[in-house]
Amino acid sequence: MSSQFNYCQSALNVIEIEAAAITQLGQYIDTTFTGACELLIACKGKVIVTGMGKSGHIANKIAATLASTGTPAFFVHPGEASHGDLGMIEREDVVIALSNSGESDEILALYPVLTRLSIPIIAITGNTNSTMAREATVSLCVKVDKEACPLGLAPTSSTTASLVMGDAIAVSLLEAKGFTANDFALSHPGGSLGRKLLLRISDIMHKGDGIPSVQQNETISDALLEVSRKGLGMTAVTNADKLVGIFTDGDLRRILDARIDIHQTPISAVMTERCVTINEHILAAEALAVMENKKVNGLIVVNEKQEPVGAFNMHDLLRAGVL
């Protein structure tokens, strides 16, 4: 039986039905949608998103999306709310309630209390004539022609439509508030985007005794010992504490065939002058771009006096998750 069933055709049918449901949402984006967004923009408290069953799962995701895009929000289970969790909701909050039928008993049980506290309610339902829709401050319609489930029982198209409506609200608020990628990073410090937008060179560079450094009158052998001790594949070369050059593993390879006495020749004779440097305040991601552009594996970090204050290499960026 399973070998004869066309799984791909079944999947394509689901995608076609749900895509049509999403397309049809456009007809419900009107002044009512604007009113819902304006309620949320004006909210001085939190956005409470609630829903029962499958709608609850969608509500939870909508709350997470709102919270990550600049609108403080969290999910409250309507059943638990009737048994104490309603205390999480305050007068300055706004409630978004999801139910395809619009007749969820658990949510309707909350309406009298929310109304008494003058808390605005935004209902997202597939039935504009439902009790939830009629008694809400604003009602957004997410009606679909049919579920992708051939039995018409499992919430499929309807939950997809609710999720997309939630995304439409979140993105509209994001744009209206001028929410930026940097703002997004502040709520995602553990993610790759957060690291790229928040991590600065000062957070990862080697400092103090960890900076490889020799004076310009020291010998090549002294410099080689410093490169080996600090393990960054390079050393800064200084004169009166100011950076005058850099000596790297690459420089070493270039002098191997020159028959230079490494115990007598000063490092200043073979160092790279006018080397690439950066300041400690730039983003690690920007430093990576500089290194890739200049084709170098490490950089010396200097202050405004051109004094070395740090050093790092590609391995440090890799460990920090920037690469």
Take the chain, connect every pair of alpha-carbon atoms lying under 10 Å apart with a spring to form a Gaussian network, then pick out the residue of Asp209, Asp85, Asp93 with the largest mean-square fluctuation.
-> Asp209
Could you grab the Rg to Rh ratio for the chain? Cα atoms only, Kirkwood for Rh.
-> 1.26
Residue-wise, which Karplus ³J(HN,Hα) couplings in Hz belong to the range 51-57, taking 6.51 cos²θ - 1.76 cosθ + 1.60, θ = phi - 60°, and x for glycine or proline?
-> x, 10, x, 4, 5, x, 5
Using r as the Cβ-Cβ distance of Asp85 and Glu38, and R0 as 25 Å, what FRET efficiency do you calculate, to the nearest 0.05?
-> 0.35
Per residue accessible area of the range 1-117, 1.4 Å probe, in Å² | 54
For the range 1-141: span of alpha carbons on each principal axis (Å, largest first) = 58, 35, 32
Rounded to a whole %, the carbon-and-sulfur portion of the accessible area of the range 51-192 at a 1.4 Å probe is 55
Measure out, as a whole number of angstrom, how far apart the alpha-carbon centroids of the range 47-114 and the range 232-304 sit.
-> 58
For the charge dipole of the range 68-112, defined by +1 on Lys and Arg C-beta atoms and -1 on Asp and Glu C-beta atoms about the Cα centroid, which residue among Ile89, Gly70, Gly102 has the Cα displaced farthest towards the positive pole?
-> Gly70
Using DSSP to define loop residues, name the trypsin sites (Lys or Arg not before Pro) in the range 250-323 whose beta-carbon has at most 13 other beta-carbon atoms within 10 Å.
-> Arg259, Arg274, Lys295, Lys305
Taking the Cα centre of the chain as origin and charging only Cβ (+1 Lys, Arg; -1 Asp, Glu), how large is the dipole, in debye to the nearest 20?
-> 260
Per-residue HN-Hα couplings for the range 29-36 [Karplus 6.51, -1.76, 1.60; θ = phi - 60°; Hz; x = Gly/Pro] = 8, 8, 4, 5, 4, 4, x, 5
Shape call for the range 86-188 from the C-alpha gyration tensor, a ≥ b ≥ c root eigenvalues: rounded (a/c under 1.5), prolate (a/b greater than b/c) or oblate?
-> oblate
Within the chain, the percent of DSSP beta bridges that are antiparallel, given to the nearest 5, stands at 40
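The values are calculated or read from the model by the stated rules, or taken from the named source; none is laboratory data. Note that the coordinates shown come from a computational prediction; the quantities given were computed from them, not determined experimentally. With ideal geometry, Cβ positions are generated from the backbone for all residues, glycine too; neighbour counts draw on all protein chains shown. What goes into the accessible areas is simple: the full protein's heavy atoms, side chains included, and nothing from ligands, DNA or RNA. Shrake-Rupley method; radii C 1.70, N 1.55, O 1.52, S 1.80 Å.
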